[in-house]
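What follows is one structure encoded as structure tokens, with my remarks underneath.
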Amino acid sequence: MKTTTLLAAMFVAAATSAHSAQETTAQRDARMQWWREARFGMFVHWGLYSGLAGNWNGKMVSDKGGLEWIQKLVNADTHTYAAQAIPKFLPQPGFAKAWASLAKQAGCQYVVFTTKHHEGFALHDSKMGQYDAGDLLNRDLVKEITDALHAEGLKVGFYHSVIDWHHPQYDFTRSKQLPYPEGGKQLATTPRDHNRYINFLHGQVDELISNYGKVDVLWWDYSSMDFQGDEAWHASDLMKKVRAKQPGIIMNNRLFRIPEAGFNGMGTNNVTSRMDSQYGDFVTPEQHIPATGLPGVDWETCMTLNTTWGFNEHDHKWKSSKEIIHNLVDIASKGGNYLLNIGPKGDGSIPAETTTCMSKVGKWMDKHAESIRGTTASPLGKPDFDGRLTRRGKVTYLHLFSRPESGTLSLKLSATKATMLDGGAALKFTVKDETTTLQLPDALPDPVATVIRLE
Ligand code: GLC
């Protein structure tokens, strides 16, 4: 290669690898806008484990916890697992329409679903291998789901596991911290060539971002302190390839596990308030809401509706719709997003408890979405009454979970107008020393969260 061509090639390479660094704040804000405004999304965990429903050899494995890990929980090799799970994974026609309409009805703006979980079974029709819905069911489930979501006007997110318990070249010996079903046994295998797994991983991701139209979110899962990022997944290269085909895409932080990418350790609580843009766009606290939010970074709490991500027929510890609404309000008041999980059954149908709960959340959202969507964290912080505040420009939304006995409430702001968000009835109030004191009605109209709009 001539020196000039070489220099030109090096320049192009440097320019593309610095893609995220080159993005201006204004460009990033524009790219993140819909996501920041959405506040509420639906997560879906669905794969071969869903059909097993928490059972192995006809016996219950556990009545709680992540049963999408059932292959690991029973330490089954991939062939034994597949033989038992595949016959139970029987997606009914049209299942995806029900998911999309449930998300819409609940007031979610986006849906993130598992294109492949740790078990390694891909829901799309992949040319990269045979352990996928195309080869085993003659279906492209990613297409069915994506089309149904697009038809409802929902944004589409792909969860994709970089851990793979099926691929014969996935080298589980390189991480002590990442799970592997047969990790405890001495496997009589020839040494694995992890680079071949990386080719497969990058190939499947390329299929996902090339064949299904616009993809709005890529939700990677996950890395360990001892095996992460470029070493484990050629992560920067993978992200660069994704951005080249989907320039508007938003990606989470889980290809990495370093403080600069929002992680302090292995626990789901070990999140930091740092998210350098080269590692992703948002931080992912799991199963908890950070006490004061994560100021300065985009964050999304993902959470289960009972205690498992993947369907388990024995898990009856359902959260109430009241708890979900309070969580959503709490998260919005701290400037985060709520990604709430559902775990459909092996036929794609949604458990009745889930449908009931999500519909109740939707009824509340029908009347109160204005105080959640497009709002920001309240600069006033957590109030000293049982409730939360959100903000939109000069409007403050006061969410009341219960009525203070005094029947009055004071806030450090000068209101000019106070109305019920639902129905618009005016409330009496006084303003003194930049403090507004509200006179509450004798009973709060909404038993879960009454919202008062203050201008
Ligand atoms: C964890 C689990 C996984 C689940 C995910 C959701 O990383 O391994 O089962 O999909 O969290 O956040």
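The values are calculated or read from the model by the stated rules, or taken from the named source; none is laboratory data. Just so we're clear, the structure is a prediction, and the values are computed from it rather than from any experiment. Every residue, glycine among them, receives a Cβ derived from its backbone with ideal geometry; neighbour counts consider all protein chains shown.
The sole residue among Val297, Val283 that is within 24 Å of Ile249 (Cα to Cα), surrounded by fewer than 20 Cβ atoms within 10 Å (Cβ to Cβ), among the hydrophobic types (A, V, I, L, M, F, W, C) and in the same structural domain as Gly267 (by TED's automatic domain parsing) is Val297. Scanning region 42-73 for residues that are assigned to a loop (DSSP other than H, G, I, E, B) and either among the aromatic types (Phe, Trp, Tyr) or free of Cβ contacts under 8 Å to residues at least 12 places away in the same chain (or both) yields Trp46, Gly58.
If you check Leu421, Leu400 for being modelled with pLDDT of 95 or more and touching a Gly at 6+ places or on another chain (Cβ under 6 Å), only one passes: Leu400.
Among the residues of region 260-288, those identified as within 14 Å of the ligand (Cβ to nearest atom), at pLDDT 95 or above and either among the β-branched types (Val, Ile, Thr) or not in a loop (DSSP other than H, G, I, E, B) (or both) are Phe263, Phe282, Val283, Thr284, Glu286.
Results for (1) over 25 Å from Asp206 (Cβ atoms); (2) touching a Gly at 6+ places or on another chain (Cβ under 6 Å); (3) modelled with pLDDT of 95 or more, shown as yes or no for each residue.
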| residue | (1), (2), (3) |
| --- | --- |
| Ala83 | yes, no, yes |
| Ala103 | yes, no, yes |
| Ala106 | yes, yes, yes |
| His118 | no, no, yes |
| Gly129 | no, no, yes |
| Asp135 | no, no, yes |
| Ile145 | no, no, yes |
| Asp164 | no, yes, yes |
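When Ala106, Ala151 are checked against the criterion of being surrounded by fewer than 18 Cβ atoms within 10 Å (Cβ to Cβ), assigned by TED's automatic domain parsing to the domain that holds Lys345 and more than 15 Å from the chain's Cα centre (by Cα), a single residue qualifies: Ala151. Scan region 240-255 and give yes if some residue there is farther than 16 Å from Trp299 by Cβ, modelled with pLDDT of 95 or more and within 15 Å of the ligand (Cβ to nearest atom), otherwise no. Scanning region 240-255 turns up at least one residue that is farther than 16 Å from Trp299 by Cβ, modelled with pLDDT of 95 or more and within 15 Å of the ligand (Cβ to nearest atom).
Comparison of Asp230, Asp237 shows that the only residue that is assigned to a helix (DSSP H, G or I), surrounded by fewer than 17 Cβ atoms within 10 Å (Cβ to Cβ) and touching a helix residue (DSSP H, G or I) at 6+ places or on another chain (Cβ under 6 Å) is Asp230. Scanning region 402-424 for residues that are touching a residue at least 12 places away in the same chain (Cβ under 8 Å), of a type outside the set (Ser, Thr, Tyr) and farther than 18 Å from Lys382 by Cα yields Gly407, Ala415, Lys417, Ala418, Met420, Leu421, Asp422, Gly423. The sole residue among Gly296, Gly248, Gly310 that is of a type outside the set (A, V, I, L, M, F, W, C) and in contact with a His (Cβ under 6 Å, 6 or more places away or on another chain) is Gly310. For region 112-134, the criterion of a residue being away from the ligand (no atom under 16 Å from the Cβ), in the same structural domain as His368 (by TED's automatic domain parsing) and of a type in the set (Asp, Glu) is satisfied by at least one position. Among the residues of region 294-305 satisfying the criterion of being outside any loop (DSSP other than H, G, I, E, B) and not hydroxyl-bearing (Ser, Thr, Tyr), which is nearest to the chain's Cα centre (by Cα)? Checking each candidate, the answer is Cys302. In the set Ser224, Ser210, only one residue is within 15 Å of the ligand (Cβ to nearest atom), assigned by TED's automatic domain parsing to the domain that holds Trp35 and among the hydroxyl-bearing types (Ser, Thr, Tyr); that residue is Ser224. With respect to the conditions (1) of a type outside the set (S, T, N, Q); (2) surrounded by 21 or more Cβ atoms within 10 Å (Cβ to Cβ); (3) at pLDDT 95 or above, Asp140 falls short on a single one, namely (2).
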